[in-house]
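The values are calculated or read from the model by the stated rules, or taken from the named source; none is laboratory data. Computed from a predicted model, the values in this text were never measured in an experiment. Cβ sites come from the backbone with ideal geometry, for glycine too, and all protein chains shown count toward neighbours.
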Amino acid sequence: MRTMEFNDVLIPLPWQGTGLTDTGLVRTSNQDAFTLENQIGLWVIADGMGGHAGGSIASQLATQSVVHHVRDSHGILSSGPDQAPSAIRLLRQAVASGDSAIRQRVSTNRDLTGMGTTLVIALLCPGPPTQIAIAHVGDSRAYLLRNHTIQPLTTDHSFVQRLLTEGQITPEEAMTHPQQNILLRALGAEDQATPDIALHTLEPQDIILLCTDGLTKTVSEEEVLSIVSENLALPDRACQQLIDLANAHGGKDNTTVVVISPYRQTT
Ligand code: CA
């Protein structure tokens, strides 16, 4: 366990996450999954897809596999200069373990053929310097909120993002593009589960937000920044307000948010 120990007293890691998921107003089931592992500084969101119960099985399998893999391997994340590179290796393996768990389940139950999931993972490396490793596959995102600004830390693996990068459509057109559900990478899909992984050095007041496309397709980055900034001491309330706004804007999809913010001692 990477919780810092001092005179046998467990001290919480300097960033803690809180999260919320919601089915929305249109869908009958929630195929998103998330997990908060505040003791080891690991936070994960997955957005499943596939008929029957496939989507929710895939997202649950992925998040559970990542957590098990990181927990089982926490020893290699000792402090020191090797911490960051080993975090990247660990996340790469964790994503692969999620991918193979999904494939294995499909191989034993053909009704689940075609199920898959996105994944976004944040893993805290206490350092020094304190860094956060972000891994993602698909269109679930991570954002950095710093000094009243919001900046994406991930680039969607989606058809629409490719059109955007190539300059073929504008950001406004991307928001309403009819093919915005086409993913170029996902766990469970053939040879498409390779994550992008990057390390970011954290400043003391930085906030990291993870979310599914239920949020990003309905709530603007400015709105996200404003809600989180207004609730710095109450990240639970920020999560609720973000979901409420996604639902106020139609709630067409499942929405999941995780807010990872500097630990505040409660008195
Ligand atoms: Ca979704």
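Numbers at a glance
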quantity: Candidate set: segment 13-56, residues that are acidic (Asp, Glu) and under 12 Å from the mean Cα position of the chain (by Cα); chosen: the one nearest to the ligand (Cβ to nearest atom); calculated: 47
quantity: The one condition in (1) surrounded by 16 or more Cβ atoms within 10 Å (Cβ to Cβ); (2) within 25 Å of residue 64 (Cα to Cα) that residue 109 fails to fulfil; calculated: (1)
quantity: Count - residues of segment 183-216 that are within 13 Å of the chain's Cα centre (by Cα), within 16 Å of the ligand (Cβ to nearest atom) and either part of a loop (DSSP other than H, G, I, E, B) or farther than 19 Å from residue 143 by Cβ (or both); calculated: 1
quantity: Set 236, 156, 191, 213: member being farther than 18 Å from residue 48 by Cα and among the charged types (D, E, K, R); calculated: 236
quantity: The listed residue being within 16 Å of the ligand (Cβ to nearest atom), over 16 Å from the mean Cα position of the chain (by Cα) and in contact (Cβ under 8 Å) with a residue 60 or more places away in the chain, out of 115, 175; calculated: 115
quantity: Residue 213, sole failed condition from (1) surrounded by 18 or more Cβ atoms within 10 Å (Cβ to Cβ); (2) over 25 Å from residue 28 (Cβ atoms); calculated: (2)
quantity: Tally of residues being in a helix (DSSP H, G or I) and among the hydrophobic types (A, V, I, L, M, F, W, C) across segment 123-169; calculated: 4
quantity: Selection within segment 217-267 - away from the ligand (no atom under 16 Å from the Cβ), outside any helix (DSSP H, G or I) and surrounded by 20 or more Cβ atoms within 10 Å (Cβ to Cβ); calculated: 259, 260, 261
quantity: Conditions (1) modelled with pLDDT of 75 or more; (2) over 18 Å from residue 131 (Cβ atoms); (3) surrounded by fewer than 21 Cβ atoms within 10 Å (Cβ to Cβ): number failed by residue 32; calculated: (3)
quantity: Single match in 213, 196, 139, 156 (criterion: in contact with a helix residue (DSSP H, G or I) (Cβ under 6 Å, 6 or more places away or on another chain) and among the charged types (D, E, K, R)); calculated: 139
quantity: Residue check, residue 23 at pLDDT 95 or above, farther than 23 Å from residue 91 by Cα and out of contact with any helix residue (DSSP H, G or I) (no Cβ under 7 Å at 6 or more places or on another chain); calculated: yes
